[in-house]
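Engineer: Okay, here's the structure, questions in a sec.
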Amino acid sequence: MNYDLIVIGSGPGGYVAAIRASQLGLKVAVVERSELGGICLNWGCIPTKSLLKSANVFEYLKHAADYGVKIEGETSADFEAMVARSRGVADGMSKGIQYLFKKNKIEVIQGTGKLLGNKQVEVLNEAGEKTVYTAEHILLATGARSRQLPNLPQDGEKVIGYRKALTLDKKPESMIVVGSGAIGSEFAYFYNTIGTKVTLVEYMPNVVPVEDEEVSKQLGRSFKKAGIKVMTGAEVTQVDTSGDKVKVVIKNKKGEETHEADIVLSAVGISPNLENLGLEEVGVVVENGRVKVDEFYQTTVPGVYAIGDIVPGQALAHVASAEGIICVEKITGHNPEPLDYGNIPGCTYTSPEVASVGMTEKAAKEAGHELKIGKFPFSASGKASAAGHKDGFVKLIFDAKYGELLGAHLIGANVTEMIAELVTARKLETTGHEIIKAVHPHPTMSEAVMEAAAAAYDEVIHI
């Protein structure tokens, strides 16, 4: 029962760290109380993308005539089948983690883990039995859950979180989504596409408020065009679940309005899973609701590490994975670079998609940079026109003095697949002129990156 490393949690931070540690020669065990793959694989990233793909296909069918395809009869969304497919995709991915653990000789310990100190982890299984394991290193990767607001308590029936939204028994006729970050926006898009009447409520002035303002406004317009009622600068003050419908009081600058819906989806962020881990008992310091760590994820207790949603930084699956790899490489005597949190891509899988990395225009100005900004609309892209996806643009922000790419902000079809080029460009300190001279294939959506860079330097050809 002695290991080099015990990882508590098998989400995209924990399982990636475990596999990398095994590759580096450590004897590894992973403690998991639920399904392998954590929230991301089972109740987050993967099943939501399955549902969104179903929505994409349904959208194509509804607009088939635009592409010269004639469909006889009416098309309809089989909600139950969509949910079943998403669960099958998630199950398949979870089984993939089982295979990877077996391949890398990683032991899975089923149960709930707790720190005991002295390099010990106590695991409580479903039968109520406790077993103590020891390890030279212990990595906490316990993730997060849907955040609960005092004025928006979730009952799991009429007021729900993202997990329940993935497995509803039937399609609701109407839904109020509170919060327009990635989770809220994606569910608003999905349910609206399959025929639910959706109202999206956002406290900030624009939807997807962490994005560049131009991108946020474009997505807001696209949502409204698609039939979503968008209420920004608004907040939920009261919820009444006593009747057949949920009554929600929404306050904005005009006053208070009462709205009714079958379901309210609370998508107002996440809360880290820090409870019952034994942190306080062993001396692990928590600051501002997150575990305090150094740049290589060592906590205040030697031999105990933490990554992912429970530490400061962006709560994203790919961030947790990167942190896990850096952490175990440092443990095994390698010399990894600390993670550059200023070069983390963010993606929202709506239609149109949103992807970004680096500074927004506002942040770059506030930081004192003199800017060169280039925008290229997909309405001027041959590939976008051929594909029938002309909404959106690529916006690149450069430092005028040095040519450094400060930020990239994309909205349009498939832009989540395009952002990695710009993450790599920023990592390599690529300049605007180097992007312009890097020949991009024609016709592609990615040409818009080259054209946006050219627009910043008054060299753009196609607008």
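Engineer: Ranked from the most accessible area to the least, with a 1.4 Å probe and all protein chains present, what is the order of T112, T348, T444?
Structural biologist: Of T112, T348, T444, the descending order of accessible area is T112, T444, T348.
Engineer: Tell me which GluC sites (Glu not before Pro) from the range 114-180 have a DSSP coil assignment and no more than 14 other beta carbons within 10 Å of their own.
Structural biologist: Answer in residue order: E126, E129, E157, E173.
Engineer: So what is Rg over Rh here for the range 252-360, counting just Cα atoms and using Kirkwood for Rh?
Structural biologist: The Rg/Rh ratio comes out at 1.10.
Engineer: How large is Rg over Rh for the range 206-275, taking Rg from the Cα atoms and Rh as the Kirkwood inverse mean of 1/r across Cα pairs?
Structural biologist: Reported Rg/Rh, Kirkwood definition of Rh: 1.03.
Engineer: Still on this structure: I want the antiparallel fraction of DSSP beta bridges within the range 1-147, as a percent rounded to 5.
Structural biologist: Within the range 1-147, antiparallel bridges account for around 40 percent of the total.
Engineer: Here's a follow-up. For the chain, what is Rg from Cα atoms divided by 2.2 N^0.38 Å, rounded to two decimals?
Structural biologist: Against the empirical 2.2 N^0.38 Å value, I get 1.04 for the chain.
Engineer: With a probe of 1.4 Å, find how much accessible area the range 352-461 has per residue, and write the answer as a whole number in Å².
Structural biologist: Here the per-residue accessible area is 45 Å².
Engineer: Tell me the volume per residue, in Å³, of the convex hull enclosing the alpha carbons of the range 150-233.
Structural biologist: That works out to 89 Å³ per residue.
Engineer: Give me the percent of the accessible area of the chain that comes from carbon and sulfur atoms, probe 1.4 Å, all protein chains in place.
Structural biologist: 51
Engineer: So what is the diffusion coefficient of the range 336-463 in µm² per second by Stokes-Einstein at 25 °C and 0.890 mPa s, using a Kirkwood Rh over Cα pairs?
Structural biologist: 169
Engineer: I need to check one value: relative contact order of the range 245-373, counting alpha carbon pairs closer than 8 Å and at least 6 residues apart, in percent.
Structural biologist: The normalised contact order for the range 245-373 reaches 11 percent.
Engineer: Quick check: the distance between the Cα centres of the range 49-100 and the range 177-222, to the nearest angstrom?
Structural biologist: 21
Engineer: Can you tell me what percent of all Cα-Cα pairs in the range 1-85 are more than 18 Å apart?
Structural biologist: Tail fraction, whole percent: 61.
Engineer: Show me the trypsin sites (Lys or Arg not before Pro) within the range 61-102 that DSSP assigns to loop and that have at most 11 other Cβ atoms within 10 Å of their Cβ.
Structural biologist: For trypsin sites (Lys or Arg not before Pro) across the range 61-102 that sit outside H, G, I, E and B with at most 11 neighbouring Cβ atoms in 10 Å, the list reads K70.
Engineer: Please identify the GluC sites (Glu not before Pro) of the range 319-420 that satisfy two criteria: DSSP loop assignment and at most 13 other Cβ atoms within 10 Å. Which are they?
Structural biologist: Passing both the DSSP loop test and the Cβ count: E370.
Engineer: What is the sum of charges around L124, taking Lys and Arg as +1, Asp and Glu as -1, for the other residues whose C-beta is under 11 Å from the C-beta of L124?
Structural biologist: 0
Engineer: Restricting to the chain, compute how many DSSP beta bridges are antiparallel as a %, nearest 5.
Structural biologist: That works out to approximately 60 percent antiparallel.
Engineer: Another question, if that's okay. Considering every Cα-Cα pair within the range 297-351, what fraction, in whole percent, is farther apart than 12 Å?
Structural biologist: For the range 297-351, the share of Cα pairs beyond 12 Å comes to 68 percent.
Engineer: Can you give me the Rg/Rh ratio for the range 183-331, using Cα atoms for both radii and the Kirkwood formula for Rh?
Structural biologist: In the range 183-331, Rg relative to Rh is 1.09.
Engineer: A further question follows. Jot down the radius of gyration and Dmax of the range 54-193, Cα atoms only, both in angstrom.
Structural biologist: According to the Cα coordinates of the range 54-193, Rg and Dmax are 21.6, 69 Å.
Engineer: Oh, and also: Output the relative contact order of the range 78-184, whole-number percent, from Cα pairs under 8 angstrom with separation of 6+ residues.
Structural biologist: 18
Engineer: While we're looking at this one, here's another question. Taking the full set of protein chains and a 1.4 angstrom probe, give the accessible area of M359 in square angstrom, rounded to the nearest 10.
Structural biologist: Accessible area of M359: about 60 Å².
Engineer: While we're looking at this one, here's another question. By the scheme Lys and Arg +1, Asp and Glu -1, what is the net charge of all other residues having a beta-carbon under 12 Å from that of A355?
Structural biologist: Residues close to A355 contribute a combined charge of -4.
The values are calculated or read from the model by the stated rules, or taken from the named source; none is laboratory data. Predicted, not measured: the structure shown is a model, and the values here were computed from it. Neighbour counts are summed over all protein chains in view; Cβ atoms, including those assigned to glycine, are modelled from backbone coordinates with ideal geometry. Heavy atoms of the whole protein, side chains included, go into the accessibility calculation; ligands, DNA and RNA do not. Shrake-Rupley method; radii C 1.70, N 1.55, O 1.52, S 1.80 Å.
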